[in-house]
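The values are calculated or read from the model by the stated rules, or taken from the named source; none is laboratory data. Please read all numbers here as calculations on a predicted model, not as lab measurements. Using ideal geometry, Cβ is built from the backbone for each residue, glycine included, and neighbour counts are taken over all protein chains shown. Ligands, DNA and RNA are stripped out before the accessible areas are found, and what is left, the full protein with its side chains, is counted by its heavy atoms. Shrake-Rupley method; radii C 1.70, N 1.55, O 1.52, S 1.80 Å.
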2 protein chains.
Amino acid sequence: MEVLRVSGTSRPNAIAGAVAALLRSQGQVDIQAIGPTAVNQTVKALAIARGYLHGDALDLYTQPEFVKLDVQQEERTAVRFHVRAVPLPQV
Amino acid sequence: MEVLRVSGTSRPNAIAGAVAALLRSQGQVDIQAIGPTAVNQTVKALAIARGYLHGDALDLYTQPEFVKLDVQQEERTAVRFHVRAVPLPQV
């Protein structure tokens, strides 16, 4: 599965576009964020991506979990968001 | 539906306990967070709550969206997390 890495300086609209494209083509994507700012940018991106997907009759949901990473020989805790596409409920 | 309001000073473990209890009893809960720190605390709480629910053979997923709020006569954008309980997949 594709893993997008989000930093605190990533633009939510750009992440949202990548997430929507991957959900359309593959149905799922993982996003990895280290630090509070990156986590916030990821959540904003997911809220925006939901809007992008509505035209395709799709929505998304996510499940966050903690993962341990080695970054420059230091252990860091990241948040990994498992994201999956689902059909948009019919109105 | 119950709406939990999370601030930047909310403790993730406490939020996680409340979320897990509401998901066990009601199957869903909304969480509202204003500001990057509150959003980060909410995501941490959801990751922790997933662990709390595993003993009940439950998991959770969430869908974030932006909402406009009036806070002291100023318009603020909050993130609202719709959270739903799902059965834990059998291994």
Which whole-number percent is the relative contact order of chain B (Cα, under 8 Å, 6+ apart)? 32
Can you tell me the 0 to 90 degree angle between the C-alpha axis of helix B:36-54 and the longest principal axis of chain B, rounded to 10? 10
For the axis carrying chain A to chain B: nearest C-beta residue of A, whole Å: A:Tyr61, 2
Between the label point of B:Asp70 and that of the same position in each other copy, find the distances and list them shortest first in nm, with every label point placed 7 Å from Cα along the Cα-to-C-beta direction. 5.6
Expected 222 nm ellipticity per residue - DSSP helices of 4 or more, -39500 (n - 2.57), all of chain A, to 500: -12500 deg cm²/dmol
For B:Asn13, place a label point 7 Å from Cα along the Cα-to-Cβ direction in every copy; what are the distances to the other copies, in nm, shortest first? 4.2
How far is B:Gly27 from the same spot in each other copy, in nm, shortest first, if each label point sits 7 Å from Cα toward Cβ? 2.5
Measuring from label point to label point, each 7 Å out along Cα→Cβ, what is the B:Gln28 to A:His82 span in nm? 2.2
Around A:Gly8, which amide H atoms from residues at least 5 apart in sequence, or from another chain, sit under 5 Å from its own amide H, with H modelled in the peptide plane? A:Ala38
Check B:Glu2: other-chain or 5+ apart residues with amide H under 5 Å from its amide H, H built from backbone geometry? B:Asp30
If you roll a 1.4 Å probe over chain A with all protein chains in place, what percent of the accessible area is carbon or sulfur? 48
Per residue, what volume in Å³ does the convex hull of the Cα atoms of chain A enclose? 86
For B:Gly27, residues with placed amide H under 5 Å, excluding near neighbours: none
